[in-house]
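Notes follow once the structure below has been shown.
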Amino acid sequence: MRIAAATAIAIAIGLAVSLSSVVHANEEKLDYDHQEKWQSALDRAQSPIDIVTAQTVRAEDNEPLGLQLWHTQAPIEKAEDNGHAVQVNTHATEAMIRGRHFTLAQFHFHAESEHTLDAKHYPLEGHFVFKAQDGRLAVIGVMYQVGDGNPAAQAVIDDLEAKDGKLPQPSIDIASLLPNQRDYYHYLGSLTTPPLTENVEWYVLPTPVTMSEKQMTTFLSHYPHNNRKIQPLNGRAVVHHQG
C-alpha cells in the first residue's frame, strides 16, 4: 500500500472523535489483566503491533519530509496520574509530520512498551499525541531504556510528586524526551485504550532514549503494567522512513 493512500484513509472514519477520547481522558481505571473485555467498534487495524523490521517497506524517495518539531521548550500543566497512565498536558509544541502541521495535546507513558521491535519490548514507551486542525491524529511512540539521567523525565517526576500544587518545573523540553535520530516506522492503527478508535497515524521511533535507573523505577512504581497486548497486523503496510 502506498503511504499516501494509507494516510488518506486516516482522515475518514473516526476523525470526528472528540479530543477527550483521543487523549485517554476516560478516568476509569483500566483492567489490563482482562483486556479481552475491552470493546472496539472496529477491529481490523488495532494498535499496538510488533514491528518486524525485515518486513517493512522503505519510504519512497519523493515522500514528504519526516518529523520536525519546534517550540519544544513548552509550558506544562501539572503531570498527573490519570487512572491508567502518567500523563502531561501541554499545547505549545508544534510539528510538521510528513509535511502536515500538528499540535501536541499531551504525552503519557506505558510499561512495558506497547509496540515491540522484532518482538523486543523496552521497559517504557512514551506516546506523544498530536492533533491536526482538521482532526487528524498522529501519535509518536518513543522507547525508553535505563542509561544516563534525563532532565525532562525528571521534570515530569518532580511535577508528579509536587504536593502543594505549585509546579517546580513550569516548562519542559519536549525534545529531550525524543531521540535526536528521527527515523520512524509508520502505520495506521488505533488508540491503545478504550474506545480503541481506529484511523490513528502511528510513528514509532526505533532509537531509544535513556533515563536513569532511579527515574525509570519511579515511572514503573506508578504503572508497572499498563501496556495493551500486541494486535494482529492484518495485512497493513509498515513503512520505514530513514531520516
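Only the coordinates and a few stated rules stand behind these numbers; no lab work does. Here the structure is a predicted model, which is why all the values come from computation and not from measurement.
Enter the angle in degrees (range 0 to 90, nearest 10) between the Cα long axis of helix 151-161 and the first principal axis of the Cα atoms of the chain, meaning the one along which they spread out most.
60 degrees
Scale the Cα Rg of the chain by the rule-of-thumb value 2.2 N^0.38 Å and send over the ratio, two decimals.
For the chain, the normalised Cα radius of gyration comes out at 0.95.
Normalised radius of gyration for the range 95-156, please: alpha carbon Rg relative to 2.2 N^0.38 Å, two decimal places. Write out the running numbers ahead of the final one.
Working: Rg = 13.5 Å, N = 62, 2.2 N^0.38 = 10.6 Å.
For the range 95-156, the normalised Cα radius of gyration comes out at 1.28.
Pick from V200, V86, V52 the residue whose mean-square fluctuation is largest in a GNM of the chain, springs joining Cα atoms under 10 Å.
V52
Identify all aspartates and glutamates with a Cα-Cα distance to K163 below 15 Å; exclude those on the same chain that are fewer than 8 residues away in sequence.
Excluding near neighbours in sequence, the set is E77, E80, D81.
Before anything else, pin down the relative contact order of the chain: Cα pairs under 8 Å, at least 6 apart, normalised by residue count, whole percent.
Numbers: 550 pairs, mean separation 68.6, N = 243.
Over the chain, the number comes to 28 percent.
If you bin the C-alpha pair distances of the range 162-202 every 5 Å from 0, what whole percents do you get?
Using 5 Å bins, I get a P(r) of 5, 16, 11, 12, 14, 18, 14, 8, 1 for the range 162-202.
Round to a whole angstrom and tell me the spacing of the C-alpha centers of the range 68-113 and the range 224-243.
Going from one Cα centre to the other spans 20 Å.
Could you give the radius of gyration (one decimal) and Dmax (whole number) of the Cα atoms in the range 114-201, in Å?
In Å, with Rg to one decimal and Dmax whole: 15.3, 44.
Per the Kirkwood treatment, what hydrodynamic radius in Å, one decimal, follows for the range 34-129 from the mean inverse distance over all distinct Cα pairs? If you can, show how the numbers build up before the last one.
Numbers: mean 1/r = 0.0619 Å⁻¹.
Kirkwood radius, the range 34-129: 16.2 Å.
What angle, in degrees between 0 and 90 and rounded to the nearest 10, separates the Cα long axis of helix 213-222 from the longest principal axis of the Cα atoms of the chain?
Computed tilt is about 80 degrees.
Alpha carbons only, please: Rg and Dmax for the range 70-117, in angstrom.
12.9, 35
Would you calculate, for the chain, the mean residue ellipticity at 222 nm contributed by helices, counting each DSSP H stretch of 4 or more residues as -39,500 (n - 2.57) and dividing by all residues, to the nearest 500?
Helix contribution divided over all residues of the chain: -3500 deg cm²/dmol.
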